[in-house]
Amino acid sequence: MSLKNATMKLKKRFGDSNRLQGGFILNTHNRALQLCMAIAILLLLPVLLSAGTSGKIAGIVEDERTGEPIPGATIRITGYDVATQTDLDGEYFIINLPAGTYSVMVSIIGFQTIEKENVRVLMDLTTPVDFTLQQVEVPLKRLVRVYAERPPIQKDLTASRTIMTADRLNYTPNNLTVQSVISNMAGTIVDHYNNLHVRGGRAGTITYLYDGFSVQDPFAGNSGIRIMPDALEEINLTSGGFPAEYGDALSGIVNVVTREGTMDYHGKLKLYDGYSRKYDVNTGDYGNLTRTNNNAGSYNFSGPMPRLFSRRSTFFLAGELRRDDGYLPHNGLEQYTQAGKFGFQPAPNLKLTAIGSYYRSNSDDYIHRDVNNLSYDFNLDGLTISKSEAYLYGLKGNYNLNEKSILGFSYNHFYTWTKSAPESLFDTYWKQWPGYSEDANGVYNGTIQNDNYQLSQDYCLTGFTSGEDFLPVYRERYTDYNAVALNFTSQMNKFHQIRSGVEFRDYKIFWDQKQFFNFSPYGEKYEQSPKYAMAFVQDKLEFRDFVINAGLRWDYLNSEVEYWPDVMTKSDTKVKSEPQSQISPRLGVSHPISDRSMIRFNYGYFFQVPNYIYMYTNLDGNLNSGLPLVGNPALKAEKTIAYELGLNHMVSDDIRLDVTLYIKDIKNLIATTEIGLVGGNPVTQFVNEDFGSVKGVDVTIEKIARGNFSGSLVYSYMSAMGNSSSAYDGYYNYIANTTDTVKPVQEYPLDFDQRHTATITMNYYVPRDWTGKFMGMNVPGAWGMNMIAHYGSGLPYTLTDINGVRYGSLNEGRMPSVFSVDFRFNKDIFLRNSKNFFSFFVEVENLFDRRNAVNVYTNTGRPDDDGRRYELTADPDGDGPQTAEDANRYYRLLSQDPRNYSAPRQVRVGLEFNF
């Protein structure tokens, strides 16, 4: 049969009543009803833009014998109402497929039918799926199935993006949190405060997106909700060149997508128990490996729901209960997380997705020394505890306007709350604490600081508290927002795609803090309602020889507050804050040099609105507390201009090399500067004054999984320079300092300037049908081993004497380098004649139990020596029972801060059941 006849028969088969358009089968006689339904939904639902969580499949279908294109072939996503046809050139595309794994089938009369399985669709990217078909005289009843391989070089990727999909994530050691996964990617470091930095950016300059919705805590600058790695289909980090669709981030975008529901029932149950070495505050040593109440139970379950609206509907549910008493004292954690995703298709060209997640956490907060060097190690219940709660819910929809255009809409609500207070007074507001009182003018005149914040005679006045003393700090905050927006995607032709969108968020934020360290306690309470909006347009051109991603983004913030323009005099009336907005251009280009090599370049302006603490702190202008700090609602967005050049090359069929050079110029960073004096004390305000520059190279060598072994080597060199490592440096390091009072105007190595990092990942997996021998004995299959080895050069610190007076240049010293190895082993046990299986696993963090120093005393350069000369210690009570040696024992314990080291070896043993 000729191609022409086959095409005509196909068209006759579908006729006028059904057409294949844009990847969806549309019933034309229902088109008016569908359009009315879409309009009704747009009117009734709040409309939110969500960042991209879908990708595209494109390819060509050719005759295996002649090499000619085959027009009119039907391309269908197996198990979904998604299909299209090849054009006259044999080419096709299907847009807006949720990230995940699919089977793609091609069929046409006169040719064999082929189905490619395990086709991986990635967020915002194009997955090429080509077919070559054999001509047959008689239709074959047997379907030919082919296992698809992910292309090693993603030719339309113009940004720096590291992608981790569910199949790899499941077997990654130490995958308990998103940050532990991200921290092994190129260009990332974690400082000793456990803050994540990407390519030399400050802490809090990374945006987190959950199924396209922002889950950012604008006070802390990190994710405000727990993200379960076991529930994810894909997690990726874009560290440079992110397109105009993504913004409000200086350093990186963490984008996670939860799994979609399936048309068959699948699930997993998982349990584990953990062991570690507990730290003993009485000896300063770690004990033997023992159970630490480190255990968890989790599940996920997906499948079809009863058919709603006479179309397909699916669900995915996941939950987790996790406990960990930790290796440190007073460091327990209990977390509960529940997530769900529900898909509906009320009409052939309309898909709705409901998304929800809930998180609750209780934790004990351990600090060895507080800001004034007081320790609660022998009075642990005097420390604070924290409780958190967060939830996200939203509804997303996609309506196919025609064969090439899709209208996307959604709504979401996000809430995150955190409270921290002394354990014994957690449910008591700070105004009701023992010792609190006010005078007739409402000014504090109580005794909390005297009753609780004193050295104990029981420990020779060395620096420890005792009895009923508690850490007098209270903090509560929440963020609540609703967001609405709309986006539009149009595949103008097979080479040209345009995306555009708008978004609006209405925030409500709350902050209440009080600390009683002296007779003039510091704190404030406020509730504000800032407004945020954005719009973008993104143009993607995909040709055989190059791909262009060009875009423009507009961001807007209105802090919606009145404040004193001159807080020192308050001579004028308060003024209303002015809205701030900025436009950021983005450009990314990739050029395939050959089938095995590609170069890419990107350039862009990247803005991030200021942390809300910087804008709203102390707007009442209270200048009577110690060293007053005042917010600034007129702050502008922080700004980064970044350039990047990359090479992606296949050295061999299974070895891939990726090299990326980048330069970043950072401006308008938030700083603290002195604006005047009150009673001889400086008054400090947040301003846009700090700056920095970053340059570096990321090198990745990947062994692609062909056979049993796969792995990678990731090396990063980075130089992060600037005049300040955080917005508070000016306040704490210079204004509150009595010796080093001049803030630098020249760049120096920042606190997170880790020059060299390297991560080696090795995976070895033996399939179910493998057989082998070891020392003459049969070895069964279905097992695997995974290892991650990480090295980091020393972080910088400023050398000082025992009194804290700096000598030498800023951050001239370097801490010791760090090295750790994490390991995982699993053995799968399949049920007879079934794909269901149990999986036994063992995970070990810090396999070699290495004591990595992550912080040091600046006067000695050591993590366990604060420089005290013990021979000078006097008898603390004369003729009393205490001796100088007793005092020295406590002084030594005080200097041994276990948080100056990384965690000791931790072991988890668990069992999964997959069905």
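The values are calculated or read from the model by the stated rules, or taken from the named source; none is laboratory data. Because the structure is a prediction, the values reported are computed rather than measured. Counting neighbours? That spans all protein chains shown, and the Cβs are built from the backbone with ideal geometry, glycine included. All accessible areas refer to the heavy atoms of the entire protein, side chains included, with ligands and DNA or RNA removed. Shrake-Rupley method; radii C 1.70, N 1.55, O 1.52, S 1.80 Å.
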Report summary line: Scoring only Lys, Arg, Asp and Glu (+1, +1, -1, -1) among other residues with Cβ under 13 Å from the Cβ of residue 713 yields -1
Query - Between helix 3-14 and the chain: long-axis angle, C-alpha atoms, 0 to 90°, nearest 10 - result: 70 degrees
Report summary line: Looking only at lysines whose Cα falls under 23 Å of residue 743's and that sit 8 or more positions away or on another chain, we get 636, 639, 664, 667
Report task. Rank these by accessible area, largest first, 1.4 Å probe: 433, 770, 417. Result -> 770, 417, 433
Query raised in the report: Rounded to the nearest 5, what % of the DSSP beta bridges within the chain are antiparallel ones?
Result: 95 percent
Query - Size of electric dipole in the range 160-258: Cβ of Lys, Arg +1 and of Asp, Glu -1, about Cα centre, debye, nearest 20 - result: 300 debye
**Report entry** Long-range amide H partners of residue 234 with built H, under 5 Å
**Finding:** 257
Report summary line: What one gets for the chain as the Kirkwood radius, inverse of mean 1/r over different Cα pairs in Å, is 30.3 Å
Query raised in the report: Within the range 402-438, what residues put their amide N at less than 14 Å from the label point 7 Å along the Cα-to-Cβ vector of residue 508?
Result: 413-417
Query raised in the report: Straight-line reach from residue 570: which aspartates and glutamates have a Cα under 16 Å away, not including same-chain ones fewer than 8 places off?
Result: 562, 620
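Could you tally the net charge around residue 264, taking each other residue with its Cβ under 13 Å from the Cβ of residue 264, Lys/Arg +1 and Asp/Glu -1?
Details: positive: 312, 835; negative: 260.
Once all neighbours under 13 Å are counted, the net charge is +1.
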Query raised in the report: Going by accessible area, probe 1.4 Å, with all protein chains left in place, what is the ranking of 264, 690, 280, 469, largest first?
Result: 264, 280, 469, 690
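Over 31 Å between Cα atoms, which of 155/404; 540/576; 341/514; 116/396 qualify?
Numbers: 155/404 22 Å; 540/576 41 Å; 341/514 40 Å; 116/396 29 Å.
Correct reply: 540/576; 341/514.
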**Report entry** With all protein chains modelled, accessible area of residue 557 [1.4 Å, Å²]
**Finding:** 10 Å²
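Note down the magnitude of the dipole of the chain about its Cα centre, charges +1 on Lys and Arg C-beta and -1 on Asp and Glu C-beta and zero elsewhere, to the nearest 20 debye. Each step should come with its number before you reach the end.
Numbers: 88 positive and 102 negative charges, 892 e Å.
Its charge dipole is roughly 4280 debye.
Just from its helices, what would the mean residue ellipticity at 222 nm be for the chain, if runs of 4 or more DSSP H residues each count -39500 (n - 2.57) and the sum is divided by every residue, rounded to the nearest 500 deg cm²/dmol? Let's see the in-between values first.
Working: 7 runs with 57 residues, N = 915.
Calculated mean residue ellipticity at 222 nm is -1500 deg cm²/dmol.
With Cβ to Cβ distances under 14 Å as the rule, what net charge do the other residues near residue 185 carry (K, R +1; D, E -1)? Intermediate results must be reported in sequence, preceding the final value.
Details: positive: 161, 168, 199; negative: 234, 658, 698, 702.
Computed value for this residue: -1.
With both bridge residues required to lie in the range 55-147, what share of the DSSP beta bridges run antiparallel, to the nearest 5%? Present the calculation step by step, with values, prior to reporting the outcome.
Details: 21 of 31 bridges.
Given both bridge residues lie in the range 55-147, the antiparallel proportion sits at roughly 70 percent.
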Requested in this report: Mind checking which lysines have their Cα closer than 28 Å to the Cα of residue 827? Skip sequence neighbours fewer than 8 apart in that chain.
Outcome: 268, 270, 703, 773, 835
Query - Farthest toward positive dipole pole in the chain [+1 Lys/Arg, -1 Asp/Glu at C-beta], among 459, 699, 345 - result: 345
Query raised in the report: Per residue, how many Å² of accessible area does the chain show with a 1.4 Å probe?
Result: 43 Å²
Query - Accessible area in the full protein assembly, largest first, 1.4 Å probe, for 872, 635 - result: 872, 635
